[in-house]
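Single-structure report; data block below.
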Amino acid sequence: MPDSISPKHYEAIRELVHRRAGIALGESKQALVQARLTKRLRTLDLPSYEAYLDLLSGPGADDEIVHLLDAISTNFTSFFREGRHFELLTEIVREAARAGHRKFRLWCAAAATGEEPYTLSMVCQEAAQGTHLDDIRILATDISTRALDKCREGVYETSRLDSVPEDMRKRWWDKVPEGWSAKPSLRAPLSFARMNLAEVPYSMKGPFDVIFCRNVMIYFDKEGRGRFVKEAHRLLRPRGWLFVGSSESLAGVADGFQTEHPSVYRREAP
């Protein structure tokens, strides 16, 4: 059993996580971080956090930092979480269709274990049915490789789909022994990639019609929030939409955006 993490070692991990991922771990998170890293130290057969920090600063450190960020990332999510956002997204897609658009591009910046991007795929495809908007693409990214593996698998326990209306479940999901598996038609618009929101500029070109980045900025300090919002502004088309979590806002970093609804913003026109 590794020793308990000392304040000195916790501070070193806090600094590393902030520098590499923009995540600001408070002093109150020490016990949580220790609980999540203990299993990792056991896997590596390391006797102490001193040895773990040596690993994080030695050859091959980048690979282990990915495991570190996987361990401390919070991936809680659910289908149709904050349902009002998906009602609004339906109207946005329909308006794009009425305007004669054929393409619709959406970035889900914090895919977690996949419930959000699969919800986005259901909502966008259903809203576009019967229209000429037939080219929908959804980029789903996350910092956690473990979470992205779950996204790509696209299989969830039955209880996880309780919030999916029954008619949508039948259209978009197949019953399997493990629960429910996303049908090929549901997976079709989706692509998954690992991405660290602290590393700018972001590699994609855009422009996106909509960006979902919900319940992520609560882990960033003001500098990190500003960095993300600046990149979101660059990647959104003029009058494109940015959705954040219900407990988040762009207060102090909202240059170039106007508030449309609580936690929903639009990029201002040039």
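The values are calculated or read from the model by the stated rules, or taken from the named source; none is laboratory data. Here the structure is a predicted model, which is why all the values come from computation and not from measurement. Cβ atoms come from the backbone with ideal geometry, glycine included; neighbour counts cover every protein chain shown.
Values as computed for the structure displayed
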{"item": "So Leu41, is it crowded, with 17+ Cβ neighbours inside 10 Å, farther than 30 Å from Met168 by Cβ and in contact with a Lys or Arg (Cβ under 7 Å, 6 or more places away or on another chain)", "result": "no"}
{"item": "Subset of the range 186-225 [buried (at least 17 other Cβ atoms within 10 Å of the Cβ) and free of Cβ contacts under 8 Å to residues at least 60 places away in the same chain]", "result": "Tyr202, Met217, Arg225"}
{"item": "Which numbered condition Trp173 misses (of (1) in contact with a strand residue (DSSP E or B) (Cβ under 7 Å, 6 or more places away or on another chain); (2) farther than 20 Å from Phe212 by Cβ; (3) surrounded by fewer than 21 Cβ atoms within 10 Å (Cβ to Cβ))", "result": "(3)"}
{"item": "Positions within the range 197-246 being closer than 22 Å to Val66 by Cα and among the hydroxyl-bearing types (Ser, Thr, Tyr), in sequence order", "result": "Tyr202, Ser203, Tyr219"}
{"item": "Any hit, the range 49-67, residues being in contact (Cβ under 8 Å) with a residue 24 or more places away in the chain, loosely packed, with under 14 Cβ neighbours inside 10 Å and either among the small types (Gly, Ala, Ser) or over 25 Å from Met204 (Cα atoms) (or both)", "result": "no"}
{"item": "Hits in the range 102-129 (condition: part of a loop (DSSP other than H, G, I, E, B) and within 9 Å of the chain's Cα centre (by Cα))", "result": "Ala109, Ala110, Ala111, Ala112, Thr113, Gly114"}
{"item": "Within the range 152-180, considering residues that are without any contact (Cβ under 8 Å) to a residue 60 or more places away in the chain and among the hydrophobic types (A, V, I, L, M, F, W, C), the one farthest from Ser121 (Cα to Cα)", "result": "Val176"}
{"item": "Search result, residues across the range 256-270 that are among the polar types (S, T, N, Q) and either outside any strand (DSSP E or B) or touching a residue at least 40 places away in the same chain (Cβ under 8 Å) (or both)", "result": "Ser263"}
{"item": "Elements of type strands (runs of 3 or more DSSP E) contained in the range 179-255, each with 3 or more residues being under 22 Å from Lys103 (Cβ atoms)", "result": "190-194, 208-213, 236-244"}
{"item": "From Gln129, Gln125, residue being buried (at least 20 other Cβ atoms within 10 Å of the Cβ) and either among the aliphatic types (A, V, I, L, M) or more than 24 Å from Leu25 (Cβ to Cβ) (or both)", "result": "Gln125"}
{"item": "Criterion: closer than 29 Å to Gly114 by Cβ, aliphatic (A, V, I, L, M), part of a helix (DSSP H, G or I) and not assigned by TED's automatic domain parsing to the domain that holds Ala198 - qualifying residue of Ala51, Ala35", "result": "Ala35"}
{"item": "Close pairs (8 angstrom Cβ cut-off, 6 or more residues apart or separate chains): at positive phi and modelled with pLDDT of 95 or more in the range 78-93, crowded, with 20+ Cβ neighbours inside 10 Å and not in a helix (DSSP H, G or I) anywhere", "result": "Phe80/Val164"}
